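For reference, the structure is listed below as structure tokens.
The values are calculated or read from the model by the stated rules, or taken from the named source; none is laboratory data. Given the structure is predicted, the values throughout are model-derived calculations rather than measurements. Here the Cβ positions follow ideal geometry from the backbone for every residue, glycine too, while neighbour counts run over all protein chains shown.
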Amino acid sequence: MMAPVEPALSRLAEQYPNPETELVHTNPWQLLVATMLSAQCTDRRVNMITPRLFRRFPDAFALAEALLADVEELIRDCGLYHTKAQNLIRTARVIAETYRGEVPADRDALMALPGVGRKTANVVLSNAFGVDALAVDTHVFRVSHRLGWSNAKDPAGTEQQLMALIPQALWSKAHHWLIYHGRYCCKAVRPLCHECPLADLCPSAERRDTHVAPVGG
């Protein structure tokens, strides 16, 4: 069983009328950095970290010249900060040297950057460049499985199934609707089925064993 797609999306659109990333940014470079930091870290914490990082290293050229220890200190509150600091510096060097400091608006080019996977690339393409893209994070993965829209075992498979179900013009919005819904209602351990606008449509609404393990990206 699966929830009917069009009615469910319509209700999510009413519930979350202004779908956009909660990562604070002013340009594609800042969004790329923030999204890289957001792996296994909440958007709220990332938004606490990035202002001090951007004050010290405002663009790719500045970060490309940074010392690893300095970047680690600035992002220490973020999970996996050592690996993330390494990837940020390496990515900054590629963007500074290859793309003259501009983030490429191309999925393959983005995914070739150190520490950038398909989810991060899709987030940047969608939010910074207006490209139709559907990034699958842990919330999208969980909610789409509970709705019966996906049975894939990984984010890549889930992305393909969702793109086949959801009209392309809605991919970017649906990505945010599912994130918001997973973050604030369809939670991992205790989903708030009693106040969910999709409860009468969702095949998992009456169950309490619907935990889906988080996925990376």
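Worth a mention:
- Yes/no for residue 183 being over 14 Å from residue 145 (Cα atoms), touching a Lys or Arg at 6+ places or on another chain (Cβ under 9 Å) and not hydrophobic (A, V, I, L, M, F, W, C): no
- With respect to the conditions (1) acidic (Asp, Glu); (2) surrounded by 13 or more Cβ atoms within 10 Å (Cβ to Cβ); (3) at pLDDT 95 or above, residue 6 lacks only one, and its number is (2).
- Residues of the range 30-71 that are within 15 Å of residue 90 (Cβ to Cβ) and under 15 Å from the mean Cα position of the chain (by Cα): 32, 33, 36, 37.
- Note on the range 139-161: residues that are in contact (Cβ under 8 Å) with a residue 12 or more places away in the chain and within 20 Å of residue 199 (Cα to Cα) amount to 12.
- Residue 50 among the β-branched types (Val, Ile, Thr), touching a residue at least 60 places away in the same chain (Cβ under 8 Å) and either surrounded by fewer than 19 Cβ atoms within 10 Å (Cβ to Cβ) or out of contact with any Cys (no Cβ under 9 Å at 6 or more places or on another chain) (or both): no
- Residues being in a helix (DSSP H, G or I) and in contact with a Leu (Cβ under 8 Å, 6 or more places away or on another chain) - total across the range 1-31: 7
- Of everything in the range 140-198 that is among the β-branched types (Val, Ile, Thr) and part of a loop (DSSP other than H, G, I, E, B), the residue that is surrounded by the most Cβ atoms within 10 Å (Cβ to Cβ) is 166.
- Failed condition for residue 74, given (1) within 24 Å of residue 105 (Cα to Cα); (2) in contact with a Lys or Arg (Cβ under 6 Å, 6 or more places away or on another chain); (3) buried (at least 19 other Cβ atoms within 10 Å of the Cβ): (1)
- Residue match in the range 114-124 (condition: buried (at least 22 other Cβ atoms within 10 Å of the Cβ), within 12 Å of the chain's Cα centre (by Cα) and not in a helix (DSSP H, G or I)): no
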